[in-house]
1. Can you name the residue in the range 125-146 that is surrounded by 13 or more Cβ atoms within 10 Å (Cβ to Cβ) and not aliphatic (A, V, I, L, M) and is also farthest from the chain's Cα centre (by Cα) among such residues?
2. Every residue in the range 81-120 that is of a type in the set (S, T, N, Q) and in a helix (DSSP H, G or I), please.
3. In the range 69-124, which residues are under 26 Å from the mean Cα position of the chain (by Cα), of a type in the set (Val, Ile, Thr) and more than 30 Å from LEU144 (Cα to Cα)?
4. Can you find a residue that is at negative phi and modelled with pLDDT under 85 anywhere in the range 11-21?
5. Going through LEU93, LEU110, LEU83, LEU69 one at a time, which residue ends up being among the hydrophobic types (A, V, I, L, M, F, W, C), surrounded by 14 or more Cβ atoms within 10 Å (Cβ to Cβ) and within 30 Å of THR52 (Cα to Cα)?
6. Could you tell me whether the range 121-135 includes any residue that is closer than 17 Å to VAL18 by Cβ and not β-branched (Val, Ile, Thr)?
7. Out of the residues in the range 134-159 that are in a loop (DSSP other than H, G, I, E, B) and basic (Lys, Arg), state the one that is modelled with the lowest pLDDT.
8. Taking the residues in the range 23-67 that are within 17 Å of the chain's Cα centre (by Cα) and hydroxyl-bearing (Ser, Thr, Tyr) as candidates, determine which candidate is modelled with the highest pLDDT.
Amino acid sequence: MIIETAIVQSVTGDLVSVQCESQSACNHCHASDNCGTGMVAKAFPHRTHRFTVIKTADVVAGDKIEIGLREKNLVTSAMLVYLLPLATILLSLSLGQYLSQVFQFEGEGLVILAAFVGGYIGFSCTRKLSVIFDQRFDFKPKMLGVVAQSEVIGQWRAD
């Protein structure tokens, strides 16, 4: 399971809205000033991500919690985003090459057109499937526990 620390933004019933920052693996070694990847990591600001998770413990805004995502879900999402469009492009390229030989077209215009059509089909399917995966409960991050509770001034916490 991939575990990340997030900060609770709000609590509504059994749902907790959390926010966490993307962390780069760069800038942690002595060569990061001379490394191309380290320079790229410094050039782009940190992105924040918001999630809604089901509450499994009593939390309030400002608490730090751990959220987790199964590795299987991450791999499935990566395959969906990268491999599905690539596969449709390669299949459409093969089909375009075959059709250009059967109909004796000169040049590669049909093959290039087939590649664009295949890319469009692949990315369209990826978009539709990502909406379906986003609605599935098992593809959502889960709240694992409370790391640190915020100090609430003027209120009592019932722990």
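The values are calculated or read from the model by the stated rules, or taken from the named source; none is laboratory data. Remember, predicted model here, so these are calculated numbers, not experimental data. As a convention, Cβ positions derive from the backbone with ideal geometry for all residues, glycine included, and neighbour counts pool all protein chains shown.
1. Of all residues in the range 125-146, those surrounded by 13 or more Cβ atoms within 10 Å (Cβ to Cβ) come to 125-126, 129-130, 133, 139-144, 146.
Cutting the leftovers down to not aliphatic (A, V, I, L, M) gives us 125-126, 130, 133, 139-142.
On the way: CYS125: 17, THR126: 13, SER130: 10, PHE133: 12, PHE139: 11, LYS140: 11, PRO141: 11, LYS142: 15 Å.
Restricting to residues being surrounded by 13 or more Cβ atoms within 10 Å (Cβ to Cβ) and not aliphatic (A, V, I, L, M), the top hit is CYS125.
2. THR88, SER92, SER94, GLN97, SER100, GLN101
3. If the condition is that a residue be under 26 Å from the mean Cα position of the chain (by Cα), of a type in the set (Val, Ile, Thr) and more than 30 Å from LEU144 (Cα to Cα), then THR88, ILE89, VAL117, ILE121 are the ones that fit.
4. Going residue by residue through the range 11-21, those that are at negative phi are 11-12, 14-21.
The next check asks that each one be modelled with pLDDT under 85; those that pass are 21.
Yes - at least one qualifying residue is present in the range 11-21.
5. Working: LEU93 fails: within 30 Å of THR52 (Cα to Cα); LEU110 fails: within 30 Å of THR52 (Cα to Cα); LEU83 fails: surrounded by 14 or more Cβ atoms within 10 Å (Cβ to Cβ).
When all the criteria are applied, what remains is LEU69.
6. Quick first cut of the range 121-135, residues closer than 17 Å to VAL18 by Cβ only: 134.
Then drop every residue that is not not β-branched (Val, Ile, Thr), which leaves 134.
The answer is yes, given that some residue of the range 121-135 is closer than 17 Å to VAL18 by Cβ and not β-branched (Val, Ile, Thr).
7. Among them, the one singled out is ARG157.
8. Among them, the one singled out is THR52.
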